[in-house]
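The values are calculated or read from the model by the stated rules, or taken from the named source; none is laboratory data. None of the values given here were measured: they were computed from a predicted structure. Please note: Cβ atoms are built from the backbone with ideal geometry, for glycine as well, and neighbour counts cover all protein chains shown.
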C-alpha cells in the first residue's frame with residue numbers, strides 16, 4: 001500500500017448511494033485527500049453524505065456542472081454501471097484522473113474505449129476492486145507468490161448469500177440488470193482468484209441459473225470451473241439467492257505443503273501444515289481430533305468495506321501524485337471482465353471457453369499490462 005503523501009489531492013465524488021456514502025467517509029478521513037464536492041441526482045442523498053463527512057463541500061445534481069464549478073484533481077465515480085462511460089469520458093475531458101466503481105461497463109467496447117481515452121489523455125483510470133486490500137486477500141497472495149507452503153495446486157471458493165434486493169440499504173438497479181451476480185458480485189471473486197493466485201485464467205466452463213424465489217429478474221447463481229495458465233484449478237459457486245439467511249463464505253486453497261482456509265468474508269483465515277505421513281495412521285476419515293490442527297493467521301483488524309477501500313484510495317492518490325504506477329487499473333480490470341464475458345458465452349453456448357479466443361475477438365493483447 002502506498003503511504004500517505006504530503007500533498008492533498010482534491011477529489012470530486014460522483015454518487016452518494018450505498019457505495020458512494022462509504023467513499024465519502026473514506027475520502028473525507030484520508031490524511032492526504034480533500035472531498036471537494038459531491039454529485040448525485042438525489043440532492044437530499046448528496047446533502048446527507050456532505051453533512052456527515054464534508055460540511056464545506058458543495059453539492060451538485062449534474063456532473064457537468066460539478067466539473068465546471070468544483071476544483072478537483074481526481075474523481076471517484078460510484079454510480080450505476082450504465083453511467084460510467086459518459087462520466088469517465090467527461091472527467092478525462094477535464095484532465096482529471098478517475099477511480100470508477102466496477103464494473104467499468106457491461107459493454108466490452110465501452111471498456112476498451114475508456115482505456116484508449118485514458119491513454120490519449122495521459123490520465124490514470126482505476127477500478128473499484130477494493131477486496132484486493134482485505135488482509136485475508138493480501139495474505140493468500142503472499143503464500144501463492146512466496147511458495148512458503150510449496151506450489152499452489154487448486155482452490156475451492158463458495159459464496160452463499162440470501163441478498164434480498166428489496167432491502168432499502170442495497171442498490172436496487174441490480175434487480176433488473178442482466179447477469180446481476182456475475183457483474184456485481186462474482187466479478188469480485190474472479191478478480192480475487194486472479195490477483196491472489198497471481199495467475200491468469202486459461203479456460204473455463206460456466207453455468208448460471210435463477211431459483212424460483214429470487215428477487216432478481218435474471219440469473220443470480222453462478223458455477224464455474226477454472227483452469228489457470230500455470231496449471232492451477234479452481235471451483236467456484238456463488239449465489240445471491242440462498243435458502244438460508246446465514247451468510248456462508250468459504251475459500252480453501254491447497255498447496256503442496258498445506259492449505260489456507262478463509263471461513264468468513266472479511267477474516268478468519270487459518271493455515272494447515274500438511275502432515276503427509278498422517279494419512280497412513282489412524283482412521284480413514286479423520287475428524288478434528290485426529291487431523292492437523294488449523295492455526296489462525298494473524299491479521300490486522302479490518303472494518304469491512306472501509307479499510308479495504310482505504311487501501312484502494314491510497315493506491316489511487318499515490319498514482320495521482322505521480323509517486324507510483326497503480327496496479328488496480330482498467331487495463332487489469334479488463335482481464336477480469338474477459339473472464340466474466342467467457343462465463344456468459346460458456347453458459348449461452350455450452351462447453352469450455354478459452355480466454356485467448358475472447359481476447360482475440362476483442363483485439364486485446366495477451367500481455368495486457370497494468
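Points to keep in mind about this one:
- The residues of the range 88-134 that are over 13 Å from the mean Cα position of the chain (by Cα) and within 21 Å of residue 343 (Cα to Cα), listed by number, are 105, 106, 107, 108, 109, 110, 111, 112.
- Matching entry among 205, 127 (being surrounded by fewer than 18 Cβ atoms within 10 Å (Cβ to Cβ) and touching a residue at least 40 places away in the same chain (Cβ under 8 Å)): 205
- The residues of the range 185-202 that are surrounded by fewer than 23 Cβ atoms within 10 Å (Cβ to Cβ) and either part of a strand (DSSP E or B) or outside the structural domain of residue 219 (by TED's automatic domain parsing) (or both) amount to a single one, 202.
- None of 182, 149, 125 is touching a helix residue (DSSP H, G or I) at 6+ places or on another chain (Cβ under 6 Å) and closer than 20 Å to residue 312 by Cβ except 125.
- In the range 143-164, the count of residues that are in contact (Cβ under 8 Å) with a residue 60 or more places away in the chain, in a helix (DSSP H, G or I) and not assigned by TED's automatic domain parsing to the domain that holds residue 320 is one or more.
- Residue that is closer than 21 Å to residue 18 by Cα and surrounded by fewer than 20 Cβ atoms within 10 Å (Cβ to Cβ), where the choices are 89, 105, 83: 83
Conditions tested, residue by residue: (1) crowded, with 20+ Cβ neighbours inside 10 Å; (2) touching a residue at least 40 places away in the same chain (Cβ under 8 Å); (3) over 30 Å from residue 24 (Cβ atoms).
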position	(1), (2), (3)
276	no, no, yes
326	yes, yes, no
329	yes, yes, no
362	no, yes, yes
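- Those helices (runs of 4 or more DSSP H) of the range 23-123 in which at least 3 residues are touching a residue at least 40 places away in the same chain (Cβ under 8 Å) and closer than 16 Å to residue 12 by Cα, considering only elements entirely within it, cover 63-69.
- Apart from one condition, residue 181 fits all of (1) farther than 22 Å from residue 206 by Cβ; (2) in the same structural domain as residue 237 (by TED's automatic domain parsing); the exception is (1).
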